[in-house]
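Structure record follows, encoded as structure tokens.
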Amino acid sequence: MARLNLILLAIAVTCALSAVTANHKARKLFIELDREQSRMHQLDVEWGQLQLEQSTWASHARIEKIARDKLQMKTPDPKQTLTLDGGKP
Amino acid sequence: MKFSSSPVLSQAVPAWRSRFVVLMLMLAFASLVGRSLYLQGINNDFLRGKGEARYERVLEIPATRGRIMDRQGDVLAVSTPVKSIWAIPDDAKLQPAQARQLAQLLEMDVRELNRKLSSDKDFIFIKRQIPPDVADQIAALKLPGIHQQQEYRRYYPAGELTAHMLGFTGAEDEGQEGVELAFNEQLAGKPGSRRVIKDRRGNVVEDVESIRSPQDGKDINLALDDKIQYIAYSNLKQTLDQFKAKAGGAVVLDTRTGEVLALVNLPTYNPNNRSKLSGAQLRNRALTDTYEPGSTMKPFTAAIALEKGKFRYDTPVQTAPGRLTIGNATIHDSHPNGVLTVAQVIQKSSNVGISKISLTFPPETMWDMYDSLGFGTPLKLGFPGEVGGRLRPWKKWQPIEQATMSYGNGISVTLIQLARAYLVFARDGDLIPLSLTKLDTLPPQGKAIFSAQTAKEVRSMMELVVQPGGTATKAQVPGYRVAGKTGTAHKLEGGQYANKYVASFVGLAPASDPRLIVAVMVDEPSNGVYYGGDVAAPAFSRIMAGSLRTLGVAQDAPLKPVIITTDAKEEF
């Protein structure tokens, strides 16, 4: 009788310990997942910021100003333009 | 004296008194047991909730707002993370030196800062939308009771070019104007939530569970082409400066899909810095302002005349002596023209001619035509403040009104309605709805308003307008055949026609196979020149030329020198 009690006690303790371990592992994995998701979000935000920066540098007003003033470019004359129909609609 | 021999003990006490006390004690004990059974066994959720509230919180995770892009994917509106500084006034007891430092970093007045910190509330914003580097400096100060919160701020790289089209968002990242409002639901996304364990000070110690991930807002691809938008903006601005005009608008439509490739209004504002805005700057005139369009309406009357079979393009119309009296009112042409064909009525823009044509039809016919073209009804693109203009019911028309409406007085429209109505001439008679977003498939066949034959004939008449003898030789675009119509309308002020004008031109190109419609409107040109053919037509020409070149549209006219003669003067 005493031995049965001991065995049951041992099982109960093992279950308790494994519950704790499982919970601990789950939390660790969750933290890691969360970290990666947050990194993904950070990268997404950085991409947005880079796009913003690109749009500012590539703004039409700025490009036109540089083209006309610094590079002395002009819009081509229709007489100089030949359109080729590549079959595009 | 020993206790056992105390005289108090020898007094006789009635037995019931001690039993009564015992009974009371037992009842008290029983009620405690009962209560504890109740709390622990039956109603334990309440207590458990209270326990969890000590350490568990459910946090909301904000979703990122979607980006707005032009048709090519160039970014027009994007959210970047910024921080807001908030405080718990009870905890935030700052030294004067610290308060000064904080105020300096935030560029705030110290007195204002102190006033906020001495408020009664539990939570108060000190300043919102601080750039991240300033926020880092503030965090380094480690001031008690001062916390930071992540927020998003919307940036618009194109600035004032796309201000009216895009609109802007408010402090809570909700759209308030323009596309930001019209598509707010798609852009906003859904916030998520997660359960965390917090310590006594409110720091997150551990994440327990993610209840719901945030759904980021969807990106939107507008139909807008930012190159064409820039071309429209810079040329409109040049025109307004040259003719000292109060305001203006330009719309570019793709005739094949109904997509709005450009929509510009002036005056405009910088949505990135909205500190000093005037009402005039905010007005999205192309969509919200109605005006009497003037002669740009004439082609529609010509079209119905041809459609009903009563007239042909060469049917003569007598316009001598250059005025027409109907009832008490007289309609004038500025030059008496004698007999004109219907085509010449359009070319020389004769009010008398078009009125006579219009009056041969019953009012209901004319009303049906205007109504089917979309006048009088808002376009319902989703913009706040959209209006439909004014088209009075035909039963209330006097003959004089029917006549004046044919040349665009007595009816009011928005620029975008007018541009859309011209689709019938570009698309051989049918009308499709407009689209603000990029379309992946061609729209289905639209509603047929006129027959293809009629549409083509009126288009040919409109080609005459830009050729020598017409009112808009300045609208010519080298290498392309252009068709269009000028408009020079008196403005109504207080019910009277004033000496102020709205100069406009609406046209399409290439006339052989139209791809684009460009509509330009200039409000109150004030340096002496005000005819549509002089003010709006040159702007149209430059915008159309730039847009066709951007899209790589093939030229359909042999190149010859552009002939600019003394134009036939626009009629009012």
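The values are calculated or read from the model by the stated rules, or taken from the named source; none is laboratory data. Please read these numbers as outputs of a predicted model, since none were measured by experiment. Note that each Cβ is placed from the backbone with ideal geometry, even for glycine, and that neighbours are counted across all protein chains shown. Accessible surface is based on the protein model in full, side chains and every heavy atom, while ligands, DNA and RNA are left aside. Shrake-Rupley method; radii C 1.70, N 1.55, O 1.52, S 1.80 Å.
Calculate how steeply helix B:298-307 sits against the longest principal axis of the alpha-carbon atoms of chain B, using the helix alpha-carbon long axis, and give the answer as 0 to 90 degrees to the nearest 10. Its long axis makes an angle of about 70 degrees. The listed peptides B:261-269, B:33-41, ordered by packing as a protection proxy, come out as B:261-269, B:33-41 (highest mean of other Cβ atoms within 10 Å first). Shielding by partners for peptide B:75-83, expressed as the average number of C-beta atoms from other protein chains within 10 Å of each residue's C-beta, is 4. Within the accessible area of chain B, the carbon and sulfur atoms contribute 53%, probe 1.4 Å, all protein chains present. Spatially, region B:312-341 and region B:264-300 are offset by 34 Å when compared through their Cα centroids. Across chain B, Cα pairs under 8 Å and at least six residues apart give a relative contact order of 14 percent.
Based solely on its DSSP helices, what 222 nm [θ] is calculated for chain A when runs of n ≥ 4 H residues each add -39,500 (n - 2.57) and the sum is averaged over all residues, nearest 500 deg cm²/dmol? Result for chain A, helices only: -25000 deg cm²/dmol. From the Cα gyration tensor of region B:279-394, with a ≥ b ≥ c the square roots of its eigenvalues, which class applies: rounded if a/c is under 1.5, or else prolate if a/b is larger than b/c, or else oblate? Prolate shape, in that a/c is at least 1.5 and a/b is the bigger ratio. Scalar couplings 3J(HN,Hα) for region B:12-21, obtained by applying the Karplus form with A = 6.51, B = -1.76, C = 1.60 to θ = phi - 60°, are 7, 10, x, 4, 5, 5, 5, 5, 4, 4 Hz; x denotes Gly and Pro. Classified by the C-alpha gyration tensor, region B:370-468 has an oblate form. Its axis ratio a/c, with a ≥ b ≥ c, is 1.5 or above, and a/b does not exceed b/c.
Summed over qualifying helices (DSSP H, 4 residues or more, each -39500 (n - 2.57)) and divided by its residue number, chain B shows a 222 nm mean residue ellipticity of -9500 deg cm²/dmol. For B:I124, the residues 5 or more places off, or on other chains, whose built amide H falls under 5 Å of its own are B:A87.
Phi angles of region B:336-341 translate, via the Karplus equation with coefficients 6.51, -1.76, 1.60 and θ = phi - 60°, into HN-Hα couplings of x, 10, x, 7, 10, 7 Hz per residue; Gly and Pro are given as x. When the accessible areas of B alone and A alone are added and the area of the pair subtracted, with a 1.4 Å probe, the result is around 2200 Å², both sides summed. Descending by average beta-carbon neighbour count within 10 Å, the peptides B:498-505, B:58-65, B:453-460, B:420-427 line up as B:420-427, B:498-505, B:453-460, B:58-65, the highest first. Computed from Cα positions, the angle between helix B:363-372 and the longest principal axis of chain B comes to roughly 50 degrees. Taking all Cα-Cα distances within region B:186-317, those exceeding 26 Å account for 57%. Peptide packing for B:517-524, A:41-48 was compared via the average number of neighbouring C-beta atoms within 10 Å per residue; ordered from the highest value, the list is B:517-524, A:41-48.
Projecting label points 7 angstrom from Cα along Cα→Cβ for A:A67 and B:K456 puts them 3.7 nm apart. Note on the protein assembly as shown: Rg/Rh from C-alpha atoms, Kirkwood Rh, equals 1.24. Between the amide H of B:E209 and those of B:R195, distances stay under 5 Å, these residues lying 5 or more places away or on another chain, with hydrogens modeled in the peptide plane. The mean number of Cβ atoms from other chains found within 10 Å of a Cβ in peptide A:51-61 is 6, as a whole number. To the nearest ten degrees, helix A:2-57 and the longest principal axis of the Cα atoms of chain A are 10 degrees apart.
A cut-off of 5 Å between modelled amide H atoms, ignoring neighbours fewer than 5 places along the same chain, links B:R515 with B:A509.
For the peptide A:39-49, the mean number of other protein chain Cβ atoms found within 10 angstrom of a residue's Cβ is 3. Karplus-derived 3J(HN,Hα) values for region B:83-99, using 6.51 cos²θ - 1.76 cosθ + 1.60 with θ = phi - 60°, are 10, 10, 9, 10, 9, 9, x, 4, 7, 8, 9, 9, 5, x, 5, 5, 4 Hz; glycine and proline are entered as x.
Is the shape of region B:393-545 best called rounded, prolate or oblate, per the rule: a/c under 1.5 gives rounded, else a/b larger than b/c gives prolate, else oblate, with a ≥ b ≥ c the square roots of the Cα gyration tensor eigenvalues? Oblate, because a/c is 1.5 or more while a/b does not exceed b/c.
In the structure shown, the pairs B:K237/B:K348; B:K298/B:K348; B:K244/B:K276; B:K356/B:K447 are assessed against 19 Å; a Cα-Cα span above that value is assigned to B:K237/B:K348; B:K244/B:K276; B:K356/B:K447.
Over all pairs of different C-alpha atoms in region B:420-459, the reciprocal of the mean inverse distance, the Kirkwood hydrodynamic radius, equals 10.6 Å.
Loop-located trypsin sites (Lys or Arg not before Pro) in chain A (DSSP state not H, G, I, E or B) with no more than 13 neighbouring Cβ atoms inside 10 Å: A:K74. Cβ-Cβ distance of A:A22 and B:E209, R₀ of 22 Å, FRET efficiency by 1/(1 + (r/R0)^6): the value works out to about 0.90.
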